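Chemist: One structure coming up, written as structure tokens, with questions to follow.
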Amino acid sequence: MSRRYIGWVAGTAAAVLVAAGAITYAVAEDTGGPDVRTPAAESADAGFARDMAVHHQQAVEMSYIVRDRTKDEEVRRLAYDIAQTQANQRGMLLGWLDLWELPKVSAEPPMTWMGMGGMASGKDGALMPGMATNTELKRLGSLSGRQAEILYLQLMTAHHQGGVHMAEGCVAKCTVDVEKRLAQGMVDSQRSEIELMAGMLEDRGARPRP
């Protein structure tokens with residue numbers, strides 16, 4: 001895996017972070033006018049913001065775990081980029097809920113806003129599609145070197161696949177334009193990272209999980 005390709009991912013993540021502030025201000029403008037309707041508590045806009053904030057938090061957690069479990073610079077750099085990008089986006093999503101004066105939790109099951117409230121059982125911590133279980137996170141923290149790298153790349157690939165599915169749902173169902181644009185950006189960047197991680201797994205003699 002070339003360092004130039006990893007550098008491209010880092011540059012992409014930096015661009016996302018730079019754009020984040022502009023998107024946040026745009027949301028404030030879009031929802032601050034007297035003629036603009038604030039999303040309802042159980043709307044797709046609010047549901048996506050709540051659920052993706054939780055989904056992103058686990059990606060950040062996994063990324064920091066693997067950075068402590070390997071010395072491989074490519075994996076460490078990818079993990080750092082994912083952690084920084086998703087932590088920033090998580091802050092934006094929670095900030096929008098504050099702006100809209102909506103709760104950050106719901107009595108409804110995750111994914112209800114997509115009409116898929118029963119899709120994930122929540123068993124062993126896997127609350128939404130693609131999320132790792134508590135057992136898998138514990139195992140990641142017990143491994144080191146190439147074993148940790150492979151498990152992280154497999155878990156993060158599945159995590160991104162679930163995240164893409166959710167973001168596509170927001171693109172289809174959300175009504176706040178800048179939130180829809182952020183969701184589309186998630187789709188594009190995470191698909192690129194899925195492709196990148198497939199190559200990194202191949203370099204290590206492994207494959208994504210079926």
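The values are calculated or read from the model by the stated rules, or taken from the named source; none is laboratory data. What you see is a predicted model; the values in this text were computed from it and never measured. With ideal geometry, Cβ positions are generated from the backbone for all residues, glycine too; neighbour counts draw on all protein chains shown. Remember, those area values only see protein heavy atoms, side chains included, never the ligands or the DNA or RNA. Shrake-Rupley method; radii C 1.70, N 1.55, O 1.52, S 1.80 Å.
Chemist: Give me the lysines in straight-line cross-link reach of LYS104: C-alpha distance below 20 Å, same-chain residues under 8 apart excluded.
Modeler: LYS173, LYS180
Chemist: In terms of Cα to Cα distance under 19 Å, which aspartates and glutamates are near enough to LYS138, apart from those fewer than 8 places away along the same chain?
Modeler: GLU61, ASP68, ASP124, GLU149
Chemist: Follow-up question, since we're still on this one. Let a ≥ b ≥ c be the square roots of the eigenvalues of the Cα gyration tensor of region 103-210; is it rounded (a/c under 1.5), or, if not, prolate (a/b larger than b/c) or oblate?
Modeler: oblate
Chemist: Could you point to the residue in LEU151, GLY169, VAL187 farthest towards the positive end of region 149-193's charge dipole, with +1 and -1 charges on the Cβ of Lys/Arg and Asp/Glu respectively?
Modeler: Going by the Cα projections, it comes out as GLY169.
Chemist: Quick check: at a probe of 1.4 Å, how many percent of the accessible area of region 141-210 sits on carbon and sulfur atoms?
Modeler: After summing per-atom areas, the C and S share lands at 47 percent.
Chemist: Continuing with the same structure: Give, in nm to one decimal, the length gained when the segment between LYS104 and GLN184 is fully stretched (0.36 nm per residue of separation minus the Cα-Cα distance).
Modeler: Working it through step by step, the gained length comes to 26.6 nm.
Chemist: Okay, moving on. Note down the nm distance, to one decimal, between modelled labels 7 Å out along Cα→Cβ at LYS71 and at LYS123.
Modeler: 4.0 nm
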